[in-house]
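No value in this document is a laboratory result; all are computed from the given coordinates. Predicted model, so just to flag it, every value in this text is computed and none were measured. All Cβ positions, even for glycine, are placed from backbone atoms using ideal geometry, and neighbour counts span all protein chains on display.
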Amino acid sequence: MNPDSPALPAMGSGYAVHGMAGMPMGPPAMGGYPFGTYGGGFAYGQPRFGGQVGYGQPGVYGGQGGYGGYGGSRALATAPAPTATPTPAATPSAKSRPVLDPEKFRPPPAPYTDQTLLGHRGSRPRFPMCLRCGRVRDNHPEFVDCLGKCDICKSHAHWGKPCDRIWASKKSWSDHHQPGAPEYVQLRPSPSQREQLALLDPWFLTNPPSINEDLVTLAQGVKRKGDDEHVKAGSQRRHHLGAVNALKHKLGAAEMLQHKHQKKHADEMVLRLNAEKAHRAALDEIRAKERERVVIEREKDSLEARHKQLQIRARDYEEEISSLKDKLRRRDAAHAESASSRPPAQTPQQSID
């Protein structure tokens, strides 16, 4: 008997195992018919105690039937469970990596500062030194309000923005400044990015020097709890400064409005005074014209009265002249009549003669 064969079932179990010359070893189940070629076997019967109809394909080493059958009982030993062939897991397709631009990851123009030299500098509250001017921020304003000279590019430009001469990775920017990196800066490649860039440009095989970006530089003696408290205090201070600045802005706007209102009121007063002055001048001129008109009317009436008097006197003079002419005419006529009635007078010569 082959030692690798499974345990024999009980009598009438309906289980056939391989045997010599194709003969089944062990009786079949009631109603089962042994059959086999080269040790193949077949058993048929109603299942009992969890038995099942089995079918063994004929073969060299024989087949096996199923458990169960009328009058059958449990097997003396449990047959070994069939070993399942492991199915190879589906290999996930590699994610497509974005193509990196080597020019974006080169150092900025010299002089520049590598992220390894930033040290305790940053715009976040946990860094005690300003990212712009490098001074200690005890009584120093916030990064966005710092008006000092940038000690990296040595200029007063880019107020409220990081210097573009800092060569740092996106993670370093997130640690020292804010999540993500500014769009206008050159990025320092991370180790994984450096591997990708080395396939495109041999310069990245040895540049830049590898560093451990998982270590975040904190100020000496500053604990995380204190850092959180400092962040909270800084947030409250920024909120207070924002409220103060907003109040100053509102006060300045109110003062400007008040100044504009006062100026407008003063301009209106000047216009009103000028209008009143012009009105008084116009009234005075009207009154003067009225007085002149009254005087002219009076003079006109006086002249008309004088003219009438002169007309009357002229008529009187005409009548007097005409009467004088009549008198003169009558006198001349009387003289002529008297002269014609007298003898002519003798001249002295005639009297001598």
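Order these peptides, 175-181, 314-320, by their mean beta-carbon neighbour count within 10 angstrom, highest first.
175-181, 314-320
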Practice item. In nm, give the distance between the simple-model label positions of residue 278 and residue 329, each being 7 Å from the Cα along the Cα-to-Cβ direction. Key: 7.3 nm
Check your understanding: Working from the pairwise distances between different alpha carbons, so that the mean of 1/r is found and then inverted, what is the range 98-222's Kirkwood radius in Å?
Key -> 15.2 Å
Review point. Gain in length, residue 268 to residue 245, computed as 0.36 nm per residue apart minus the alpha-carbon separation, to one decimal in nm?
Key: 4.9 nm
**Study point:** Label-to-label distance, nm, for residues given as residue 337 and residue 253 (7 Å Cα→Cβ offset)
**Key:** 12.4 nm
Review point. Cβ under 14 Å from residue 117's Cβ, residue 117 left aside: what net charge do those residues give with Lys, Arg +1 and Asp, Glu -1?
Key: +1
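Which entries of 149/250; 171/250; 248/277; 149/263; 154/260 show an alpha-carbon separation above 32 angstrom in the structure shown?
Pairs exceeding 32 Å: 171/250; 248/277; 149/263; 154/260.
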Revision key, fill the gap. Scoring only Lys, Arg, Asp and Glu (+1, +1, -1, -1) among other residues with Cβ under 14 Å from the Cβ of residue 161 yields -2
